[in-house]
């Protein structure tokens, strides 16, 4: 009897491709990162993708997605856009922690809270595993339509420092990073400009194990996902925890 | 006993990748769409892909694949090419129904009838599902060699009207389509020029759920699959039924 | 009892994706092909990928990967580079057999022997099957990090003769090949310059069924994998056996 039940469960798992169910859930937690300026048309200028973590009011994205400065005189603000299709909602956001070295930023949005994704262990990811990522590869011209892609882990390789980060780092830090670069995932997948900040997750559990941040282009790698190619990179999700710790250490 | 049989069946399904068997069957129904001109060299000018449905003498392809006009004075004709390798057969074809809005055309070929594909429900397709498509991505330079690709469904997005269709539509119709565009499948797959009109089908049953018609290129989408990229689009197969109904309503 | 055991085995196979385990093993047998020149900086000039077969001292790669000539006066040599990351080893290598027609070369390296891959039957490969390949798509700028990609078999198509090979063949041989070209695998995968010579293998057993050698580029195919695209080609592994036979026939 117990064996029978186990087998039926096992078969269910084996036969069903779990990605459609997982993608449906994950989509609820994927947001657009944009700047909002009341005097501009269109008012929202889309920068990349992000995803909700923790208490539902924290959003992870890439450091290079965040604009260097805002036109505060004309009330330009950093915003997070949630929702689907033409039914979207705009949330004011502020950067509460960041890691220039690992191209990550943690934002806090105004209430209400959104459904959060769970962080998995990026250490446990193996070469050849098939993962998935969800984001806004080609912006939001006709509305917010998240796209879900499969991505096989091709390799663990040393990270190349994004240009946007280089300008924030002093000579010594750059040298240190070049001598001992953080390792990133090389993905067998085509990512597009808007995919920067997309969560890379397990197809069965939806646990986040990485954050899409770069794409390979002939002659080098690009910080932003500026030119599509068959090779993309992702920051391991274990690099997100220090940002959450920093945020909580600040009495939040 | 019954349980044992069920389990063995289940295991068979789970272990075997069903695409090789399905692709072998589907290939028999995939054809090339071309114009044929006795005075030209080569005489066949290849326009895209199509697939056989219904009674075996009906072929579905994209509206934009069909040439706007034929050089009838020099006996240029629309043809469908079936077969494999260098062993091919040419069938005269005529357009019997079309939908400019949904970039679809239904052709009728002269006898004999070819093996037909079954139309599935495109409504039941889920984001993240892995499908397949078969067609002639890079033409038929060395013979007719259909290529089968896997394609994960990345999103359902609003369709952009192909240029070829725009010229056929009046202002009011274009405005209506812009305000309420038909939804199409965004596929995580690289399609090439010749793939326009390729059937997108389920890996297990071979039931057709879409028709490849567009590819994303930087700066916009192109009606023809003119430049390869990692993002392709497909018309949901439910849009084919009205064309079949129209054809049958005409006393066929 | 026996039935229970069978079912549990079956379930294990079905649930687990075998590629991570297989890729870990295969990586040990994948090497870089380079020329080494003591007076040059960097001293190693990377040409492509290769893989170890037979007694552990034989390496298969593409014919077009091997340089036409070496600057022997300045002690330039053909080498094979094994290892991982910055922990690599250089082995002197010499060509012991080659097939210009099939774009294959067999090298022999100096001791010690490396772990060898098993050759599978390329005849048994089916259209639509998902295979994998491992190599060095974008060279070794930051060290030797093999990348593993999934590749679905899209088609069997006639091979186009690489330019490098054309220059080695006389008119009659080229005509013969054009009339009866060898069949190759068309893969649904993005390969990069460094992938030439990468082993294409089964995800479960790691048995080699092909060797990546070409990529499709708009307007033709290129011998070297010079521009990435979504279509790559591989030589069936059955073409490797004649080279091994030739080597052994020479008293080795």
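What follows draws every value from the coordinates through simple rules; no lab data is involved. The shown structure was predicted, so the numbers you read here are calculated from the model rather than taken from an experiment. No Cβ is skipped: glycine too gets one built from the backbone with ideal geometry, and neighbour counts run over all protein chains shown.
Annotation: peptides C:68-75, C:239-246, ranked by per-residue average of other Cβ atoms within 10 Å with the highest first, follow the order C:239-246, C:68-75. Residue-normalised convex hull volume from the C-alpha trace of the stretch C:26-168: 127 Å³ per residue. Distances between copies at residue B:252, taken between label points 7 Å from Cα along the C-beta direction, are 6.3, 6.3 nm in increasing order. Projected label points at residue B:118 and residue A:73, each 7 Å from Cα along the beta carbon direction, are separated by 6.8 nanometres.
Here is how far apart the residue C:42 label points are across copies: 4.4, 4.4 nm, shortest first, using a point 7 Å from Cα toward Cβ. Packing order of peptides B:183-195, C:98-110, highest average first: B:183-195, C:98-110 (average count of other Cβ atoms within 10 Å over each peptide's residues).
Summary of the geometry: the stretch A:183-208 and the stretch A:96-119, compared by the centres of their Cα atoms, lie 16 Å apart.
With one equal scatterer per alpha carbon and no solvent term, the Debye-computed log10 I(q)/I(0) for the stretch B:82-143 at 0.12, 0.21 1/Å reads -0.51, -1.25.
Placing a label point 7 Å from Cα along the Cα-to-Cβ direction at residue C:69 gives distances to the equivalent points in the other copies of 5.9, 5.9 nm, listed shortest first.
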